[in-house]
Amino acid sequence: MLMDFWKVTDINHGMILITLICTSVIHIPKLMKAPIFIYYQLDNYYQNHRRYVKSRSDRQLLHGLKHHDLSSCAPEDFNHGLPVVPCGLIAWSLFNDTYSFFRGIDEMKVNRKNIAWKSDRDHKFDKQVYPFNFQNGTLSGGAHLDPKIPLSDQEDLIVWMRTSALPTFRKLYGRIEEDLDADDIITVKLLNNYNTYSFTGSKKLVLSTSSWLGGHNNFLGMACISVGVSFIFVAFVFMLIHVKNPRPYGDTTNLSWNWKPMSG
Amino acid sequence: MTGPGRKGIRFSRLYSFSCFKSSFRDEHGQIGQKGYSRVVYCNDPDNPEQLVLRYRSNYVSTTKYNAFNFIPKSLFEQFRRVANIYFLVVACVSFSPLAPYTASSILAPLIVVIGATMGKEAVEDWRRRKQDIEANNRKVQAYDRNHNFQDTRWKKLRVGDLVKVYKDEYFPADLLLLSSSYEDGICYVETTNLDGETNLKVKHALDVTSSLQEENSFQHFKAIIKCEDPNEDLYTFVGTLYYDGQQYPLSLQQLLVRDSKLRNTEYVYGVVVFTGHETKVMQNATDPPSKRSKIERKMDKIIYLLFSMLILVSFVGSFFFGITTKNDIVDGKLKRWYLRPDRTTVFYDPKRSALAAFFHFLTGLMLYGYLIPISLYVSIEIVKVLQSIFINQDQDMYYEEMDKPAHARTSNLNEELGQVDTLLSDKTGTLTCNSMDFVKCSIAGVAYGRGMTEVERALAKRKGDASDFGITSSDIQMSGDDSVPSGNQLKPFLRSIKKLVKSHMKLSHLMKLRLSFLQGNLALNSLKTQTSISLHELDHMSGRKIDRSYTLLHILEFSSARKRMSVIVKNDENQLLLLCKGADSVMFERLSEDVPDFVSTTMDHIKRYAEAGLRTLVAAYRELSEEEFKSWEEEFLEAQTSVSADRDALVDAAADKIERDLILLGATAVEDKLQKGVPECIDKLANAGIKVWVITGDKMETAINIGLQVQALQIKSKKEKHQLSSSEGSSVSFGLIIDGKSLSFALSKNLENSFLDLAINCASVICCRSTPKQKALVTRLVKKGTGRTTLAIGDGANDVGMLQEADIGVGISGVEGMQAAMSSDFAIAQFRFLERLLLVHGHWCYRRIALMICYFFYKNIAFGFTLFWFETHASFSGQPAYNDWYMSFYNVFFTSLPVIALGVFDQDVSARLCLKYPMLYLEGVHDILFSWPRILGWMLNGILSSMIIFFFTTSSVIHQAFRQDGQVLDFEVLGVMMYTCVVWTVNCQMAISINYFTWIQHFFIWGSIAFWYAFLVMYGAISPIISTTAYQVLVEACAPSPFYWLATLLIVVSTLLPYFMYRAFQTEFNPMIHDIIQRRRLESSEEEEASVELFFQHKEKIASVKEKLREQETLLSK
């Protein structure tokens, strides 16, 4: 139920990657029970843009180099005449900030396994397909991938490639599998690699627990209460009107053939 | 006629025509000219000259398509609809990279929709084809080269073939009668298939050919027929037979028309004159003008509105897309670098943003195409066909006595039945039974018959007279012979008068045998089919009963222009008598100068009879001298045998010459009883706000009285006889009565508007003495002038024009034949069924179609706009929020069946209550359920629903995890969530909009929702290559999340609330008529309701049983 929310200072940099290491301190106000989910949040980032969404090849993710038709991936389909695996803009722009968490001086263990959907890992990204010729172009977009790890184990990539619905979105980074007590101080060290400056986007880091309904969520409750209140109000108005002007129901005697239509 | 070589043949043929023309310029002037150029070489179809003419074979095809042109032609028919063209263009463009989704997902619904319609066409056409095959392969005996009559298939017949047709067989083509099994060459023909008349018609062969009775006598039979070209007129035929060097005129009397049947004659021989599509009946087979309902025309406007909405939305989208795309590179710096705007195609190129925006506009047109409901037309067609089945199957519109159910001949106009504003009705046969009962007569100024007619009774009832109704109209009291005044000049003729009366009585029985086609009066009819009649009559001189016989010499036929008919007979004493009967208006003009003194009394009687609602006929006679007859006969025969277009005029003129100086005998009056339930029905229709106009050919007095009787005229309404200046605006409701002559003035260009103004301010209008053409003109005037829906109802051939002119034509398939029913849109057996047809079926169909169309637009707007809201959050890039196949199945599977169930089954109140509260019908007359505010209201509801669904879904779940395992909402899950809400909302909206639930509705509505989940599971189980974003999305991501289910529930409820609130407000504070009635039904206890319903059912049954018993009694007593 509890959700903690810290804003990391926005870091601006150009396309030439200058890695900036910075630290931030988080104060835990309440007890947070494990598992605690770590998300990164991007704003004003159109992962749902038609060009972006279509720029992938599901067949390549399953069959690797055996699949040759990469037309949907242009312009990130070939580099130096060789196909790129995984191809397309989505993979190319893979998020590459990294975070590490310290309680006191001990680095906390962050579990970065099982953050992607199981069906994606098992059926959309094949165990036999390895990254190839990735980020070898003149312009490197985002993270590099270890060519020795098959795609099905590259969970960051899998999470990233499950495109977001809206321009503001969170993606799962990992889990902290120990409780955080109230008043704990957590130090975050982050490598700020990813460029959000050019499109005036922002990045946030979020630690959150979840309940049976998922994350902490006010809107639905608020919406329902306000709808309910407004309808009670309307019912009240109806009642007033009725008390003031009672009308007999089902009175067919007033129906006459030269009745004139009312509007509506 | 012979010439060397082919060219010669042609020239000689032309030459022969010119020869022919010169010698017969007067009478046969038309033959050989344009329109009269057909040449038939009898019994010589292989004649080279016949072959040159290349007349068509007897093969008949009534199908719209054949195997080769079916696909292109039916496709062409389909794409004449604007919406279908749009979808076709979209489907074509969808193969380009412009398309927001895959081509197959666009093509699939289009193929389903077009395929369904084409399938329907194919089935209909196949039925027609089967009939054709059956007809083409029927066998007939044709004369072959070996001089034998051999079985031949119909389709093999050629022009000029000799055929032999046996009793009860159909004629395979239009034949020229040569001879029959009777010596005098007559035969009897039944033409039910052509005009619905059940009486037999006599055809005469020419005397010269009637002797050809033996098969071998045809061995050397050679003749040439020259006649008119094929035409559609069933009642004319002009030709000349060249036989044995002589010429003989041919008329309709010798023509046996295809599709009629040989009756009471062993066999006939004939020559094929017209074949296949050139036969009269095929030439007649044109489609009736197709009518479209008002709702459908309005629907087109809504589609145009939606198209403009589509263009607007696409334009807005492409405008913003252009701007954002242009801003992707500013001063050479990449903004949204992850889209690689530096290396892109033209569709996303920031340097050519205007072009990109234009292409995006096209993409938008495809993406928001869901605003246009692709399945609307096909759904409406299916629904209307099913509605027609309901009309056809309605037990309460089934006429047991004639075994005739109601028949919706077109399904286009079902909902129009619910909007009728003006009812234009014929009188005879429509309001009345068209079975004439002889009730009164006036002979030589003395009135006979004391029975009271229905009209008199109704009038007496109105006046409050409690007179006894003991005497029924069938009790004709023939007072004794003594009471007849024996005026001097009458004496010699009294016999014939009595004879006329008696034979008339006799004929009223004969009438039932339908031997005559007229309403039948006097001896004339019995003379028609025989050449002589003998009557058993009382000799006045001797007082003994003797038999007399009369020989028929000529019949001067009835026509509506002449309004009379005559026979010329010769009695035993060689006296020549002309007996004439006709309408009083023409008959009194033709009486001789020295009128008998009872003329004015007879006129008085006629007036009284007319006021009593009877149909009157005046009978007169004339003695002819031998010389006069001889000279006239010559002229008449000449006219009759003339072969020209104005033959009828000539015959009429000849008849006119002898039908003068008549001596009045008297008048007869027959009662045409009102059909059962007519006054009640008209009363109900008037209560439903329908204006009733009666248009009839009857006399004014008859018309007024019938009008009073059927309550079309209120007794209070001041009679205002064709005075065109009226005092309007008074509180008295007026009735307008106008006769044919005044009508012809009133319908002139400069007066018709003021006439219409006057007429629509009157409560009821009666037009009497009107011609068929005037009927149609009045109908057109009302239709065009008021812009309201008109319904014309009639039963005879003279009503056809009216029926086709009106918005809806209802034919009574009654006694006068099928012609009206054949050209109508709906055929019913009795006038009173109109009540149920309009108030129940019309009202329901109107409601259903109106709601169905509104709902269609609602559901497509609700869906289409969620796409647009998503675009606003996807920088208008044209990315659809849903998986391609969710979208293409939206119209086809997830929302289509409930709306069809709505269109077929929904009813606001039961049929009994529809009839009990006829004012319910006003909702249709005033077009309340399909008014623009209502349509726009539904559209607004759609937009509102889409907004609530989109913004509630996104706001409620965005950012946060939606599951316990911390997974966040992504593109795939959002699509499923929104789509789930859309499917639930539109189906639940349906559930709260309809008034009538059966298991079918439940099955379709909840089934559609269930099918969505089933579809997700199935589609999600397919390989991710195909299912892409839908892979395992329900099973893995959504279903295990309680949030998904909870959000669906809350969002759907919130989406439905605005409509629910509106309905609550409206039924509480501003109820519509059906709301009031529904409420009343709810409040009255249900048992009472049931018992009332049962009571009504039983009452009807008991009544029908009683009636049957009574009929049997009368039969027994006879």
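Every number in this text was worked out from the coordinates using simple rules, so none of it is lab data. Since the model is a prediction, treat every value here as computed from it, not as a measurement. Glycine also receives a Cβ, built like all others from the backbone with ideal geometry; neighbour counts cover every protein chain displayed.
Footprinting exposure proxy ranking of B:VAL272, B:VAL82, fewest other C-beta atoms within 10 angstrom first, gives B:VAL82, B:VAL272. Each other residue within a Cβ distance under 9 Å of B:SER57 adds +1 if Lys or Arg and -1 if Asp or Glu, for a net charge of +4. Placing dummy labels 7 Å off each Cα toward the beta-carbon, the span from B:PHE358 to B:GLU633 is 9.1 nm.
Where q = 0.10, 0.17 Å⁻¹, what log10 of I(q)/I(0) comes from the Debye formula for the stretch A:26-220, counting one point per Cα? Once normalised to I(0) and log-transformed, intensities are -0.46, -1.18. On the basis of the beta-carbon distance and an R0 of 30 Å, B:GLU1083 and B:ASP403 show a calculated FRET efficiency of 0.10. Where nothing but the Cβ of Lys and Arg (+1) and of Asp and Glu (-1) is charged, how large is the charge dipole of the stretch A:26-220 around its Cα centre, in debye to the nearest 20? Using Cβ point charges on Lys, Arg, Asp and Glu, the stretch A:26-220 gives about 480 debye. By other beta-carbon atoms within 10 Å, ranking B:LEU312, B:LEU53, B:LEU162 with the fewest at the front produces B:LEU312, B:LEU53, B:LEU162. In the stretch B:146-245, inverting the average of 1/r over every pair of distinct C-alpha atoms gives 15.2 Å as the Kirkwood radius.
Averaged over peptide B:1035-1047, the number of partner chain Cβ atoms lying within 10 Å of each residue's Cβ comes to 2. With R₀ set to 45 Å, the beta-carbon distance separating A:HIS27 from B:MET947 gives a calculated FRET efficiency near 0.65. For the residues of B:922-931, the average number of beta carbons from a partner chain within 10 Å of their own beta carbon is 2.
The stretch B:155-234 and the stretch A:108-177 have Cα centres spaced 91 Å apart. In this simple spin-label model, placing a label point 7 Å from the Cα along the Cα-to-Cβ direction at both B:LEU1046 and B:HIS926 gives a separation of 4.8 nm. You can think of it this way: the chain between B:ALA1064 and B:GLU557 has 175.6 nm of extra reach, that is 0.36 nm per residue less the Cα-Cα gap. Subtracting the Cα-Cα distance of B:GLU1036 and B:GLU124 from 0.36 nm times their residue separation leaves 323.5 nm of extension gain. Electrostatic bookkeeping for A:THR163 treats Lys and Arg as +1 and Asp and Glu as -1; over the other residues with beta carbon under 14 Å from its beta carbon, the sum is +4. Compared with the alpha-carbon gap, the fully stretched path from B:SER96 to B:SER955 is longer by 305.7 nm at 0.36 nm per residue.
Taking the Kirkwood radius as Rh and the Cα radius of gyration as Rg, the stretch B:1017-1058 has a ratio of Rg/Rh equal to 1.17.
Shown for chain A: cysteine residues without a partner Cβ closer than 4.7 Å, namely A:CYS22, A:CYS224. Per residue of A:159-171, other chain Cβ atoms within 10 Å of the residue Cβ number 6 on average. Cα centroid separation, the stretch B:889-919 to the stretch B:564-600: 63 Å. Legend: distances between Cα atoms for A:LYS244/B:LYS684; A:LYS203/B:LYS326; B:LYS73/B:LYS164; pairs beyond 31 Å are A:LYS244/B:LYS684; B:LYS73/B:LYS164. Counting neighbouring beta carbons within 10 Å and listing from fewest to most, the residues B:SER251, B:SER764 come out as B:SER251, B:SER764. When each of the peptides B:991-1000, A:170-179, A:83-92, B:604-613 is scored by the mean number of other C-beta atoms lying within 10 Å of its residues, the order from highest to lowest reads A:83-92, B:604-613, A:170-179, B:991-1000. Separation of the stretch B:51-68 and the stretch B:995-1049, taken as the distance between their Cα centroids, equals 55 angstrom.
Ranked by the mean number of other Cβ atoms within 10 Å of their residues, highest first, the peptides A:230-237, B:580-587 come out as B:580-587, A:230-237. Ellipsoid fit via the Cα gyration tensor, the stretch B:983-1063: semi-axes of 28, 16, 9 Å, each the root of five times an eigenvalue, largest first.
Other residues within the sphere of radius under 15 Å centred on the Cβ of B:ILE958, judged by their own Cβ, net out at +1 (K and R +1, D and E -1). A simple spin-label model places pseudo-atoms 7 Å from Cα toward Cβ; at A:THR200 and A:HIS144 they are separated by 3.4 nm. Under the criterion of Cα pairs below 8 Å and six or more residues apart, the relative contact order for the stretch A:26-220 equals 40 percent. A Förster distance of 41 Å, applied to the separation of the beta-carbon atoms of A:PHE78 and A:GLU177, puts the FRET efficiency at 0.50.
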